[in-house]
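The values are calculated or read from the model by the stated rules, or taken from the named source; none is laboratory data. Please read these numbers as outputs of a predicted model, since none were measured by experiment. Methodologically, a virtual Cβ is constructed for each residue, glycine included, from the backbone with ideal geometry; neighbour enumeration extends over all protein chains shown. Note: areas computed on protein heavy atoms with side chains; ligands, DNA, RNA excluded. Shrake-Rupley method; radii C 1.70, N 1.55, O 1.52, S 1.80 Å.
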Amino acid sequence: MSARAKRYAEQEDDRTLWTTKMLPVLFITMVATIVTVTYLGFHCQLLLQRGVPVSQRDPRQVLKGQVQISLYAILALLWTICYSRATLTRPGTIPNTPEWTFDSPQTEAISSLNIEKKRTGERRQCKWCHNKYKPDRCHHCRVCRVCILKMDHHCPWIYNCVGYRNHKYFFLLLFYSVLALQLVVWTMWESVRYTMRNESPFLVMFAVLFGETLSIFLAMLITGFFCFHIWLMLRALTTIEFCEKTTKRMKPDSSMPSSAYKKASWFGDVQEVLGKDFFLWLLPVTDLPPDGGLTFVSETTMLTTDMHVGKAYSSRQHKTGLPRGGLATHTTPRAKAASLSDYRSGVRCGQPVPVLAVFLLVSRSRRCEPPA
C-alpha cells in the first residue's frame with residue numbers, strides 16, 4: 001500500500017471514530033428535545049387551555065402554565081450553556097514549559113510542589129505526552145490522547161474529559177438537569193391524571209405519559225449521579241481518585257483525610273470546583289486562575305492546618321509503601337532547625353513548601369528532645 005493510500009485510510013478511520021464518538025452527544029440532544037417538546041407542547045398547552053374560549057378559561061391554570069413555562073425556559077437555557085461549555089472547553093493539559101520536561105534545570109524547583117510520586121520516589125511522568133512530568137491529580141486520557149489536569153473522568157456524553165477547567169460546567173450541567181427533570185416530573189403529573197380521567201386524544205395521552213415516564217427514569221438516574229458528585233466535591237476527591245485510591249489504599253478510618261488535598265472546611269472544597277466567588281457558583285462562568293491546576297497543596301489544606309492529619313497521612317504512606325513526596329530526612333539538630341527556619345520563612349513569604357516534610361521534621365524533633 002502506498003503512503004497516499006495509507007494516509008487516506010487513516011483519515012477514513014478518524015472520520016468513522018469521530019462519528020462514533022458523536023453518537024452519545026446526539027442521543028443526549030435527542031432526549032432533551034423529546035422532554036422539552038413533551039413538556040411545552042403538550043403539558044403546558046393543557047394548562048394554557050388554548051382550545052377553550054377566553055371567557056371559559058381558568059385564570060389560575062393559565063397563570064400556573066405561564067409560571068412553569070418561564071421556569072423551564074430559564075433552566076433549559078442554563079442547561080444548554082453548561083452543556084455547550086462543558087463540551088467545548090478544554091479541561092487543561094500540562095504546559096509546555098521547561099519545569100515540566102525532562103533534563104531541565106528548573107524541574108527541581110517545581111518538584112517540591114508535588115506530593116504524588118512513584119514508589120521509587122521519582123516524579124510521575126507520562127510516556128505518551130512527549131516525556132513530560134505529571135502534576136498532582138493529572139492523568140493521561142487515551143481517548144483524548146493528552147494528559148488532563150485534575151482529571152475526573154472521560155465523559156462520552158459530552159465528548160470531552162472532565163478536568164480542571166470544565167469541572168464546574170459539568171457539575172452545573174448535572175445541577176440544572178436535576179432541577180429541570182424534577183420540575184417536569186412533579187408538574188406534569190397533573191396532566192397525566194387529567195388525560196387519564198378525561199377523554200383526551202390518544203396522541204396527547206401517549207405523549208404526556210411517555211414524557212412523564214422518561215422524565216422519572218432520567219430524574220432518578222441523574223439525581224443519584226449528582227449526589228455522588230456532591231459527595232466527591234465535599235471529600236475533595238475526583239472520580240479517578242475515588243476508584244483508584246479510596247478503594248485500594250485508604251482504610252475505613254474516620255480520622256483519615258478523604259484526600260490529601262482536602263481543605264480545612266467544606267467551603268474551601270466547594271471553592272475548588274465552583275470558584276472563589278460565592279455569587280458566581282451557580283452561573284456558567286469561571287473565576288479560577290488561568291495558570292492553576294498544577295499544584296493543590298496550600299496553607300488551607302488539611303495537611304497544613306491539622307498536624308494530626310499530616311501525621312496520619314504520612315504514616316499511611318509508610319505502611320502502604322507509597323513515596324513520601326519529598327520528605328526531608330535530617331540527622332542533626334542543626335539541620336532540623338535550619339529546615340524548620342526555612343519552612344517558616346517560606347510561609348511568611350507566601351511561598352509553597354513541601355508540607356509533609358514539616359510534619360516528619362516536627363515529630364522527629366519532639367522525639368529527640370531530652371525529658372524535662
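Listed here are the residues, each with its yes/no results for (1) without any contact (Cβ under 8 Å) to a residue 60 or more places away in the chain; (2) under 23 Å from Pro24 (Cβ atoms); (3) not aromatic (Phe, Trp, Tyr).
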position	(1), (2), (3)
His130	yes, no, yes
Pro135	no, no, yes
His139	no, yes, yes
Ile158	no, yes, yes
Ala180	no, yes, yes
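For residues that are assigned to a loop (DSSP other than H, G, I, E, B) and open to solvent by 50 Å² or more (accessible area, probe 1.4 Å), scanning just the range 59-104, find the one that is modelled with the lowest pLDDT.
For the range 59-104, the residue satisfying everything is Asp103.
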Here the residues within the range 28-50 that are within 28 Å of the chain's Cα centre (by Cα) and without any contact (Cβ under 8 Å) to a residue 40 or more places away in the chain are Thr29, Met30, Thr33
